[in-house]
Structure formats: C-alpha cells, structure tokens
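Here's the structure, in structure tokens; my notes come after.
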Amino acid sequence: ISGPGDLSEAEIEKALAKYLAKFQFCYEKALLSDSSLAGNIRLQWDIGTSGSVSGSKVLNSQLKNAALHSCIQGVLKGISFPHPKGGSVTAKKTFSFRSSTL
C-alpha cells in the first residue's frame, strides 16, 4: 500500500472479503472455456479519498485470459473501500485461482 493516504491492509482485506464469491465467479466462468486455467494474478489499483477504485491494472498473471482479467477488474471497480485518511492510496494484491475438480 502506497500513496499519500492512510488505509490499512486489514481494512482493504475486509472490503475484498465481501467480494470473494464474485472473484470466484469470474474464475469459474473462465474455466468453462479453459479447464486447465490456474495460477496467480497480481493486480494494482488506486483507491480515491471517497473509497472508490479509480483505476486498476494487471501487473503480472499466470492466467493468460483477457476475459478473466477484465471480469476481476470489473469486480474491483465496484468495491467501496473505507475512505483513506489524507489522500488516495495504491494497493497491490496477488490473487490465486485453482480449480477444485474432483
């Protein structure tokens, strides 16, 4: 977490936790077209002073699937984070996706 604002990692994780099912849905939808899809995706996004996401980008990804990247970024844009104190912040996180086929 960087930038002039102050927002704890715990606050960001708590906000993200409410959307885990939506991130999982993006992954499962992508699995329908590529059943071998698995790996990590590292994202960076900006959280403005209002708590809204103003931009996001894929830093690196083992998941070579543009539709999945787009879906995950769409979920991120819809998340309301707590308002950072003192300015905006930039967050980075690695998401891991693995298929649990039987």
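The values are calculated or read from the model by the stated rules, or taken from the named source; none is laboratory data. Note that this is a predicted model, so its numbers are computed, not measured. All Cβ positions, glycine included, derive from the backbone under ideal geometry; neighbour counts span all protein chains shown. Side chains are part of the model used for accessible areas, which takes the heavy atoms of the whole protein and leaves out ligands, DNA and RNA. Shrake-Rupley method; radii C 1.70, N 1.55, O 1.52, S 1.80 Å.
General observations
- Within segment 13-102, the trypsin sites (Lys or Arg not before Pro) that combine a DSSP coil assignment with at most 11 other C-beta atoms in a 10 angstrom radius are K18, K64, R98.
- For the chain, the spread of Cα positions along each principal axis, largest first, Å: 47, 22, 17
- With DNA, RNA and ligands ignored, accessible area of S52 (1.4 Å probe; Å², nearest 10): 50
- By accessible area with a 1.4 Å probe, ligands and nucleic acids excluded, highest first: order of H83, H69: H83, H69
- The portion of the accessible surface of the chain made up by carbon and sulfur, rounded to a whole percent, is 52 (1.4 Å probe; DNA, RNA and ligands excluded).
- Proximal charge balance of I79 [Cβ under 14 Å; K/R count +1, D/E count -1]: +2
- Rolling a 1.4 Å probe over the protein heavy atoms gives the chain an accessible area of 58 Å² per residue.
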